[in-house]
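What follows is one structure encoded as structure tokens, with my remarks underneath.
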Amino acid sequence: MKHTSNDLRVRRTLKLIRDAFYEMVLENNYNEISITDLAEKATINRKTFYLHYSSLDDLIQEIEQEIADEILDIISEDIENLDIKGCIGAFYRYLDNSNRVQKKLFCDTSYHIFDEGVMDLILDSDKISSLFDKTAHPEIVRTYSLSITYIYRDWVTGESNTSLDELIDYASQLVTYGYSGIIPQK
């Protein structure tokens, strides 16, 4: 549910809810966040939360949609040009420049529901799904495309000395050419 009210009280309440949720994301795993605790942190009552959202998942879905739209905007030209490296680079740079909350939502396994939701929105978008439909097995290509997020997550959470540019090059080679693109030739 996208909120677009001009009422200052509504906008203030929505901001309180978002800010409280973001604080809780940094402090807790997803399964530890309750509407009661969120409402308390936002200094509103539960009924006020339910005036705006039907559930915590509703709030999450709204945030997922906003982020998916931002990502689609930054990769749209690369998608149109079928520039895999450009797409991966723009996506990874977006993630790398994101705030602590977004990084946790994408990279912390307790929030896997979030990154899966964002990726589903991106991969199911008209621009991306139309590319998959041009292939013999769109479902396989779609699943393979999910690996891009996992590569980034492992890079962030691991102890890699790989630079972001190297990561983009390597992931692009792997996605474009498979293993033959990353194994040194003799």
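The table below gives the values:
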quantity	calculated
Of the criteria (1) in contact (Cβ under 8 Å) with a residue 24 or more places away in the chain; (2) surrounded by 17 or more Cβ atoms within 10 Å (Cβ to Cβ), which one residue 82 fails	(2)
Yes/no for residue 13 being β-branched (Val, Ile, Thr) and at pLDDT 95 or above	yes
First in segment 29-41 and touching a residue at least 12 places away in the same chain (Cβ under 8 Å) and outside any helix (DSSP H, G or I), second anywhere and surrounded by 13 or more Cβ atoms within 10 Å (Cβ to Cβ) and not acidic (Asp, Glu), Cβ under 6 Å, 6 or more apart	29/110; 33/24
Residue match in segment 84-94 (condition: charged (D, E, K, R), at pLDDT 95 or above and either within 13 Å of the chain's Cα centre (by Cα) or assigned by TED's automatic domain parsing to the domain that holds residue 32 (or both))	yes
Failed item, numbered, when residue 115 is tested on (1) in contact with a helix residue (DSSP H, G or I) (Cβ under 8 Å, 6 or more places away or on another chain); (2) over 27 Å from residue 56 (Cβ atoms); (3) of a type in the set (Asp, Glu)	(2)
Qualifying positions in segment 1-21 - surrounded by fewer than 17 Cβ atoms within 10 Å (Cβ to Cβ) and either part of a helix (DSSP H, G or I) or of a type in the set (Ser, Thr, Tyr) (or both)	4, 5, 8, 9, 10, 11, 12, 15, 18, 19
Index of the failed condition, residue 44 passing every other in (1) loosely packed, with under 13 Cβ neighbours inside 10 Å; (2) in a loop (DSSP other than H, G, I, E, B)	(1)
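Per-residue answers, yes or no, for (1) at pLDDT 95 or above; (2) more than 20 Å from the chain's Cα centre (by Cα); (3) among the small types (Gly, Ala, Ser); (4) over 30 Å from residue 29 (Cβ atoms):
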position: 74; (1), (2), (3), (4): yes, no, no, no
position: 116; (1), (2), (3), (4): no, no, no, no
position: 124; (1), (2), (3), (4): no, no, no, no
position: 138; (1), (2), (3), (4): no, yes, no, yes
position: 142; (1), (2), (3), (4): no, no, no, no
position: 157; (1), (2), (3), (4): no, no, no, no
position: 174; (1), (2), (3), (4): no, yes, no, yes
position: 179; (1), (2), (3), (4): no, yes, no, yes
position: 186; (1), (2), (3), (4): no, yes, no, yes
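Yes or no, residue by residue, for (1) part of a helix (DSSP H, G or I); (2) exposed (fewer than 12 other Cβ atoms within 10 Å of the Cβ):
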position: 102; (1), (2): yes, no
position: 110; (1), (2): yes, no
position: 113; (1), (2): yes, no
position: 118; (1), (2): yes, no
position: 130; (1), (2): yes, yes
position: 135; (1), (2): no, yes
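The values are calculated or read from the model by the stated rules, or taken from the named source; none is laboratory data. Computed from a prediction, not measured in an experiment: that's the story for all the values here. In this analysis, Cβ positions are derived from the backbone assuming ideal geometry, glycine residues included, and neighbour counts consider all displayed protein chains.
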